[in-house]
1. Within segment 39-108, report the chymotrypsin sites (Phe, Trp or Tyr not before Pro) that DSSP leaves as loop and that have at most 13 other Cβ atoms within 10 Å.
2. Any chance you could run the full-extension gain for residue 71 through residue 91? It's 0.36 nm times the residue separation minus the Cα-Cα distance, nm to one decimal.
3. With a point put 7 Å past each Cα toward its Cβ, work out how far residue 82 is from residue 30 in nm, to one decimal.
4. Within 10 Å of each candidate Cβ there may be at most 13 other Cβ atoms; applying that plus a DSSP loop requirement, which trypsin sites (Lys or Arg not before Pro) in segment 27-108 survive?
5. Among all the lysines, which ones have a C-alpha under 23 Å from residue 102's C-alpha, if same-chain residues fewer than 8 places away are not counted?
6. In whole Hz and in residue order, list the ³J(HN,Hα) couplings for segment 74-90 that follow from phi through the Karplus curve 6.51 cos²θ - 1.76 cosθ + 1.60, θ = phi - 60°; x for Gly and Pro.
7. Under 5 Å between amide hydrogens, which residues at least 5 positions from residue 93 or on another chain qualify, with H placed 1.01 Å from N in the peptide plane?
8. Net charge around residue 85, counting only other residues with Cβ within less than 14 Å of its Cβ (Lys, Arg = +1; Asp, Glu = -1)?
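FYI, it's all coordinate maths here, none of it is from the lab. All of these numbers come straight from a predicted model, not from anything done at the bench. Every residue, glycine as well, gets a Cβ built from its backbone with ideal geometry; the counts of neighbours run over all protein chains shown.
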Amino acid sequence: MYNLNYGTAINEAKAMIEDENVAITPDYLAIEVAIDGLNASQATIKKAKAVFANMGIDGIFGSSDIAAITNDSVTAAGNLLTKLKNADLIEAVSGFGKDKYKFRGSKA
């Protein structure tokens, strides 16, 4: 059979994504949909998606982590945290320092 990919360049970004073992769970999809439905500006939603993309469901983060991901000030990151808390998308985590959070999974 003739190889249609012979002599073509490989897109490294795509290859990296295909090589990762990414599990798309109902929790993951539910959080994505909830972020899209936030009562916030498109810029805020984009930042919330960036945080979720970097941290996932089990990642633990605080305002300084959000500031690093979004290239914002710690104050702006704190405001994003407040919006995520008010939307019930994140929950506080103990044992990792003060004001640390993670995205909510299912309660099953």
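1. Working: sites: 52, 61, 96, 101, 103; in loops: 96.
Passing sites in segment 39-108 are 96.
2. On the way: separation 20, 0.36 × 20 = 7.20 nm, distance 2.27 nm.
Result: 4.9 nm gained on full extension.
3. Once both label points are built, they end up 2.7 nm from each other.
4. Details: sites: 46, 47, 49, 83, 85, 98, 100, 102, 104, 107; in loops: 98, 104, 107.
The qualifying sites are 98, 107.
5. Cα-Cα hits under 23 Å: 46, 47, 49, 83, 85.
6. With coefficients 6.51, -1.76 and 1.60, one gets 5, 5, 5, 5, x, 5, 5, 4, 4, 5, 5, 5, 5, 7, 6, 8, 10 Hz.
7. 100, 101, 102
8. Numbers: positive: 83, 100, 102, 104; negative: 88, 91, 99.
Net local charge, residue 85 excluded: +1.
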